[in-house]
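Data first, discussion second: the structure below is written as structure tokens.
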């Protein structure tokens, strides 16, 4: 265990620079090909070892469950059983990422719990092992463990770290409603999608860091479904674009949308006006842990 028996980890949100659906499996799950980018909006997840053999979860957001309906709680229980950990854990989540937003808020909290228990208990697990554990809980958890920016394929478990969009300022807008990811994917007819992202072109644009080329290639096929089911997402996109945002896109299955600005000052000025209409709006920048690390593929 760590010296002070306590640890706090930043659990960062993600956005999708691209999201493509390329197939549907017999079990109903969809194969995807997407580029995920972390941003510096984060929850603070604090873990402390306790002598009792149980998990106690608290959260600053009363909306979230604090039992096994919470993926972070399940992550802790899974780690305890898998590695025969006799002590328990007291976990507190200081929630800053909007809930049911398409930003991987739950997944990133679970990732923080896995990493935190690994360090607190001195398990010595590799990143690859932790990612495999995370995938048992949810498709986005492995990416949140890996961090940075990545090309995700398969169900999201096949991850290739890539160069992310560096030092890019954006405004996130979360409309005052949630979106059911299951509902969106159930309604999706990938065979008749009107368009697909230029994933290879986006990878090249990110490698060269050509801002115009990156913004020109942001694309999310799930917009075809979500924008029809939830007109409020269309309104949020228009509102952002009307306040000077470029490359406006929906993240994940929604409802959060985001747009890029050339500077912090421009983003902040826009956000001040946007916040009068959308209380859950945030100025963030991209986070790239793997900027200087040679990309290599990981699969488990």
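Here are the numbers for the structure shown:
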{"read-out": "At R0 = 22 Å, FRET efficiency that the Cβ-Cβ distance of residue 241 and residue 63 yields, to 0.05", "value": "0.15"}
{"read-out": "121, 49, 149 arranged by Cβ crowding within 10 Å, fewest neighbours leading", "value": "49, 121, 149"}
{"read-out": "Protection-proxy order for peptides 163-175, 108-120, each taking the mean of Cβ atoms within 10 Å per residue, highest first", "value": "108-120, 163-175"}
{"read-out": "Convex hull of Cα atoms in the stretch 1-152, direction-averaged projection (nm²)", "value": "9.2"}
{"read-out": "Folded to 0 to 90 degrees: helix 71-82 orientation relative to the chain principal axis, Cα", "value": "40"}
{"read-out": "Principal-axis tilt of helix 199-208 within the chain, Cα atoms, nearest 10 degrees", "value": "80"}
{"read-out": "Semi-axes of the equivalent ellipsoid for the stretch 179-287, Cα gyration tensor, largest first, Å", "value": "24, 21, 10"}
{"read-out": "Per-residue [θ]222 nm for the chain (sum of -39500 (n - 2.57) over DSSP H runs n ≥ 4, rounded to 500)", "value": "-9500 deg cm²/dmol"}
{"read-out": "Pairwise Cα inverse-distance average, inverted: Kirkwood Rh of the chain (Å)", "value": "19.6"}
{"read-out": "Interatomic Cα distance distribution for the stretch 83-179, bins of 5 angstrom, percent", "value": "2, 11, 19, 20, 20, 15, 8, 3, 1"}
{"read-out": "Taking all pairs of distinct alpha-carbon atoms in the stretch 1-47, Kirkwood radius in angstrom", "value": "13.7"}
{"read-out": "For the stretch 208-279 and the stretch 1-55, distance of Cα centres in Å", "value": "22"}
{"read-out": "Gain on full stretching of the segment that runs from residue 263 to residue 228 - 0.36 nm per residue minus C-alpha separation", "value": "9.4 nm"}
{"read-out": "Segment residue 126-residue 187, length gained on full extension (0.36 nm per residue, minus Cα span)", "value": "18.2 nm"}
{"read-out": "Helix axis angle, 231-242 relative to the chain longest principal axis, alpha carbon, degrees", "value": "70"}
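Where a number appears in this text, it was derived from the coordinates with a stated rule and is not lab data. No experiment lies behind these values; they were computed from the predicted model shown. Note that we place each Cβ from the backbone using ideal geometry, even for glycine, and neighbour counts take in every protein chain shown.
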